[in-house]
Amino acid sequence: MYKWKIRHTIFADSLPNEQPSEFKGSVGDSILMDILSFFIILFTLGIATPWVICLKQRWRDSHTYINGVRLKFIGTGVSLIGNYLLWFFLSIITLGIYSFWFKLNVMKWEASHQIIDESSEDKSDVQSAKQIISEFFSKNKKIFITSSIAISVVMIVVIITGYLYTNRPFVIKDGELVRYQGTATEVVIPNRVNCIGDFAFTGNANLTSVIIPNGVTSIGNSAFSSCINLTDITIPNSVVTMGKEVFLYCTDLTIRVEAGSKPDGWDPNWNNSDCIVLWLNSDMYENSEFYYVITDDDTIMIKAYLGENNEVVVPSMIKGKLVTSIGNEAFSNCTSLTVIEVPESVTSIGESAFYNCTSLTGIRLSESVTSIGEFAFYNCTSLTDIRLPESVTSIGESAFYNCTSLTGINISENVTSIGGEAFSNCTDLQNIVIPSNVTRIGENAFIGCISLVIYAKVHSIPSDWDSSWNYSGRPVYWGVKEYQEGEGFQYNKN
């Protein structure tokens, strides 16, 4: 293509019988120039591009004859680099628009540095590509040595910076862990840290466990948010301040807290993702299935379930001691749990004990259980039926909230108290009998129970029943007598 263009190029004042125009460069020399140019640009990170332009143009012009007269290129990389950088930055600033003029400017500059070679009549002295390259490197030796040194220094700095970045993963300023930038899965925070800043670990998908030193007193907002693979973390006793949404989107996380209860300085929304929380103390033990504590009366309280079975039988004894209670949140968020059997030794079910166990369909409670804690079966949406033992005396607030599959439940004669919203939103609950010993019912106890009919054994509302206990206005039959086989309920129609 280049040869064709030269053959059709003449001087404006040339005569018809003038010698023809021609390009005498070889394919081999052209390939050599292209390969050399590529590697020069590559190894100098583009810095030597103006010199490469001059090198190739000098070779082309030294083999180009217009009407028998050879061209000569007198431009240098030093004289081009200023304009080249200007045109390059203009292209960047204009988001590539100026690049249309970039190539034209380079061509204009090349043309302005072309002259007639006075020695062109002697065609035997045409330099080969190797000679031009040798001369090029000889004249620009200092420039390339300086460029090589500069590039080497830059590369060394980059390598050292990268090394320090990967081997110093903690960004700590005045005792505050500002940012963790490592890739480890298990992280031990240095002892010199006394505060974990806002968003310090946010979005770290590699993280699976973190050990926080005892000297840390504060954990900032969203410090571990979106650490989607984080499964285990222990909060030491020293942490007195906790921000909001600290563990947002950490859906598989179990949080172990050395404190016995939530400190006053912790934000109410510190655990708004409802991660499993274990409030540890010096009496905490574990086996293959449970975390448990030994209570003051030398019995066992189950604190958390560690297994993955769908069906669970709680043992009556652990290490020779009776299991007497299911602690707060012990099976909370065990969404794969379907059936559980509680031994006769258990007397109490703690708050949120089976909170959000959405697959739980049945539970067998012992005849010794006396109380059902607040939120105990909250959002157990698959629970269809449950029989409360005769020993139960109280049903906590929201104990069966949103158990949408629950169709029936018996309440023993010994129950004296039903908490607020205890059966709220149990949309499939058909009927319920309230014993005569129930002296207290909290507000909205049956709100949202759209299918419910209520049978009360008392003849009128006791004084301690909340005024909004039946806020949804479900049908109520007062003065119900004992159930008789084949006859249904007998009640006072008035």
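The values are calculated or read from the model by the stated rules, or taken from the named source; none is laboratory data. In this text the structure is predicted, and so the values were computed from the model without any measurement. Quick reminder, even Gly has a Cβ in these numbers, built from the backbone with ideal geometry, and neighbours come from all protein chains shown.
Listing for the model above:
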| read-out | value |
| --- | --- |
| Qualifying residues in the stretch 244-260 (those that are in a loop (DSSP other than H, G, I, E, B) and at pLDDT below 90) - the one farthest from the chain's Cα centre (by Cα) | GLY260 |
| Some residue of the stretch 91-104 being touching a Phe, Trp or Tyr at 6+ places or on another chain (Cβ under 8 Å), touching a residue at least 24 places away in the same chain (Cβ under 8 Å) and surrounded by 13 or more Cβ atoms within 10 Å (Cβ to Cβ) | no |
| Residues located in the stretch 370-389, provided they are outside any loop (DSSP other than H, G, I, E, B) and among the acidic types (Asp, Glu) | ASP385 |
| Qualifying residue in the stretch 390-406 (condition: outside any loop (DSSP other than H, G, I, E, B) and more than 18 Å from ASP466 (Cβ to Cβ)) | no |
| Residue under evaluation ILE441, criteria (1) without any contact (Cβ under 8 Å) to a residue 40 or more places away in the chain; (2) surrounded by 22 or more Cβ atoms within 10 Å (Cβ to Cβ); (3) within 24 Å of VAL313 (Cβ to Cβ), criterion not met | (3) |
| Test: residue in the stretch 222-238 that is of a type in the set (Gly, Ala, Ser) and in a strand (DSSP E or B) | no |
| Subset of the stretch 329-347 [hydroxyl-bearing (Ser, Thr, Tyr) and under 38 Å from the mean Cα position of the chain (by Cα)] | SER332, THR335, SER336, THR338 |
| Top-ranked residue of the stretch 199-219 - restricted to ones that are among the β-branched types (Val, Ile, Thr) and part of a loop (DSSP other than H, G, I, E, B), ranked as surrounded by the fewest Cβ atoms within 10 Å (Cβ to Cβ) | THR217 |
| Residues being touching a Leu at 6+ places or on another chain (Cβ under 8 Å) and outside any strand (DSSP E or B) - total across the stretch 263-286 | 3 |
| Selected residue (only one of SER436, SER412 is touching a Lys or Arg at 6+ places or on another chain (Cβ under 8 Å) and surrounded by fewer than 15 Cβ atoms within 10 Å (Cβ to Cβ)) | SER436 |
| Residue list for the stretch 180-218, filter: under 26 Å from ASP264 (Cα atoms) and under 18 Å from the mean Cα position of the chain (by Cα) | ILE196, GLY197, ASP198, PHE199, ALA200, PHE201, THR202, SER209, VAL210 |
| Residue selected from the stretch 51-109 under the condition among the β-branched types (Val, Ile, Thr) and over 52 Å from the mean Cα position of the chain (by Cα), by the criterion farthest from SER26 (Cα to Cα) | THR76 |
| Condition met for SER359 (of a type in the set (Gly, Ala, Ser), over 35 Å from the mean Cα position of the chain (by Cα), over 24 Å from VAL458 (Cβ atoms) and assigned to a loop (DSSP other than H, G, I, E, B)) | no |
